[in-house]
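The values are calculated or read from the model by the stated rules, or taken from the named source; none is laboratory data. Worth saying up front: this structure is predicted, and the values here are computed from it rather than measured. Positions of Cβ are backbone-derived with ideal geometry, glycine not excepted, and every protein chain shown enters the neighbour counts. Heads up: the accessible areas ignore ligands, DNA and RNA and are worked out on the full protein's heavy atoms, side chains in. Shrake-Rupley method; radii C 1.70, N 1.55, O 1.52, S 1.80 Å.
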Amino acid sequence: MKLTEEQIAILASKGNIKINAVAGSGKTTIVIEYAKTREEGSRILYLAFNKSVKIEASKRFLEEGLNNVKVETAHSLAYKNIVFNYGYKVRGQGYKTNEIVETLGLKAVGEKHAEYMVANHINKFVAYFCNSSKQKVQELNYLDTIKEAKAREFVERFYEYILSQTRLFLSFMNSGEIEITHDFYLKKFQLSNPDLPYDYILFDEGQDASAAMLDIFLKQKACKVIVGDTHQQIYAWRYAINSLEQVDFTNYYLSTSFRFSQEIADLALTVLGLKRHIGRFKPIQIEGKGNSNAIKTKAILARTNLGLLLKAIEYITERENVKHIYFEGNINSYTYAEDGASLYDVLHLYNDRKSSIRDTLIKGMKDLADLEDYIEKTEEVQLGMMVEIVKEYGNKIPDIIKTLKEKHVANDEKHKAEVIFSTVHRCKGMEYDTVQLVNDFITEGQVHKMREELDKDEVDAAKIVEEINLLYVAVTRTRNSLYIPNALMPPTDGKLEHIHILNDLRPDEQLEKKKVIGYPKQPYIKTSLDSVSETSTSKLTHNSAGRPWTPELDNALTQMFQDGVSLKDMERHFGRTRSSIGFRIKKLQLEELYR
């Protein structure tokens, strides 16, 4: 392979380095080349972000004959050193709120369901400590993680009790009285100050490392290489820190993306430019050298589970002939909250069928309003989304989920899927030929609004940065075409070949017309992002019904049909009725040509 100047400089480097690599720049490839060029007999450890990356990386290192490279995740290393040595039993799914109440015998008064709220915060405090680099729980202030007013008020009132019970719960795990969590054995590994027997340690996805993982890494004697993309940090809600900004290593860059075109690269840079509004953006360069014309894999990406489910429901409703779909990360994960409550439990509460509810916490709620009060005081976002789905679809939900599952293919048949659905968190590291974004990402107007809240100390700047990062990651998943809602698209001049603008309803319009709740809650503010140049061939006049179909419009329709865009989205895009679009599809024989 022909190396770029940036890649050559990395391979010639000595000592500890950090590599800031833009999306699609071939991080794994450069890590492999780096390992090849180290002195013969070197012991090398490659720390992968998760199990799927570990499996793929192991395969590639072996194919290159690099038998001296050991591939692990931070958790797999910790598991071997802690769980085996101490004889711990691991609880795979973590603890539910009601289980913490029972284990600790919690008693809290003064608030309805106070013991469950306390347990919820204990669970989060445990995760906060286990992902930190601190030695003791009391060195952390859990209140630093709480922003919502009602949740903060509750935690302040019960803080000492939450702190003491968090320490007690951790002591139960440490003594083996109860099963330990994955976070716990990683924390215990960090506190043991391990000495890893390697000459080089290559740490991937450094922007989403926990402070505990980074502490283990930095204490090693080995030559250290940390790789990642500062702008792809999207796990701060899991107490990840941007390690690339924390370490004082010699800095190297990979600014060329081999995934997408310069057109997509320019859009990605414009998205990142939103950080200027909060003073968190340092100009970077992205050169797009991708030139794929494939349309084999098609994905619809959303910011939230709710946004994705709504789009999936719309998709299968309009396209009854679609046989195979796929949800990244298992379809069942989209119908369960982190705490274990299911969409069906919330539906049963909605219908006052308490006997059918399996989750103890939900069963203890009087009604949906009771649950919503709990959600406000615990910041349980996923559970809140489930409530909104139930409000919107009610008793249609079982049939909807049944249809989705009937069309869903297994992991080993993913290639059969006509469309792949995913949230950005679940498609991290993935790429697709064609990507369509759901209109539930942050807009420039919302950045301005959150900036005002930042001045009032009602929102964390890191939260705004992460929301912008989510849009950046979504935009850069495509190898070929991108379909983006008008509200998310910045003004542009000139012809767009790979970017297509959809006149999707804004969140406030969806609230009004469909009563759909759950998109970003900031009020919509009209900004420059809503003004789109009419000179672009992709931006077609909305009120075009009755006008003749031109070759340009036919080409756009053909590409949208190939990319699997729904009839509703085509209707919004072209400003024509579905019957008109359907007639044109038949006229062009698109179904015969591309089905």
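A compact table of results
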{"quantity": "Protection proxy ranking of 188-197, 310-319 - average other beta-carbon atoms within 10 Å, highest first", "calculated": "310-319, 188-197"}
{"quantity": "Charge sum, other residues only, whose C-beta stays under 14 Å from Gln165's C-beta, Lys/Arg counted +1 and Asp/Glu -1", "calculated": "-1"}
{"quantity": "The stretch 395-478: trypsin sites (Lys or Arg not before Pro) in DSSP coil with no more than 15 other Cβ atoms inside 10 Å", "calculated": "Lys456"}
{"quantity": "Cβ crowding within 10 Å averaged over residues, with 215-221, 291-297, 465-471 ranked highest first", "calculated": "465-471, 215-221, 291-297"}
{"quantity": "Three-way shape call for the stretch 424-502 based on the alpha-carbon gyration tensor, with the a/c threshold at 1.5", "calculated": "oblate"}
{"quantity": "Kirkwood estimate for the stretch 53-121, i.e. one over the average of 1/r between Cα atoms, Å", "calculated": "15.8 Å"}
{"quantity": "Inter-label distance for Glu413 and Ile55, nm, one decimal - labels placed 7 Å from Cα along Cα-to-Cβ", "calculated": "1.8 nm"}
{"quantity": "Accessible-area value, Arg280, 1.4 Å probe, nucleic acids and ligands omitted, Å²", "calculated": "120 Å²"}
{"quantity": "Radius, Kirkwood style, for the chain when every pair of distinct Cα atoms is counted (Å)", "calculated": "25.9 Å"}
{"quantity": "Over the stretch 143-220: Rg over Rh, Cα atoms, Kirkwood Rh", "calculated": "1.09"}
{"quantity": "Rounded if a/c under 1.5, otherwise prolate or oblate - the stretch 272-412, Cα gyration tensor axes", "calculated": "oblate"}
{"quantity": "Where the Cα pairs of the stretch 364-424 fall when distances are cut into 10 Å bins, in %", "calculated": "17, 35, 29, 16, 3"}
{"quantity": "Stokes-Einstein D in µm²/s, Kirkwood radius over Cα pairs - the stretch 1-63 at 25 °C with 0.890 mPa s viscosity", "calculated": "190 µm²/s"}
{"quantity": "Inter-label distance for Arg578 and Ser164, nm, one decimal - labels placed 7 Å from Cα along Cα-to-Cβ", "calculated": "6.1 nm"}
{"quantity": "Whole-number accessible area per residue in Å² for the chain, which is evaluated in the context of all protein chains at 1.4 Å", "calculated": "45 Å²"}
{"quantity": "Alpha-carbon centroids, the stretch 465-503 and the stretch 277-313: separation in whole Å", "calculated": "7 Å"}
{"quantity": "Shape category assigned to the stretch 224-321 from the gyration tensor of Cα positions, a/c cut at 1.5", "calculated": "prolate"}
{"quantity": "Nitroxide proxy distance, nm - points 7 Å out along Cα→Cβ at Phe281 and Ala211", "calculated": "2.9 nm"}
{"quantity": "Cα-based radius of gyration of the stretch 106-247 once divided by 2.2 N^0.38 Å, which approximates compact folds", "calculated": "1.18"}
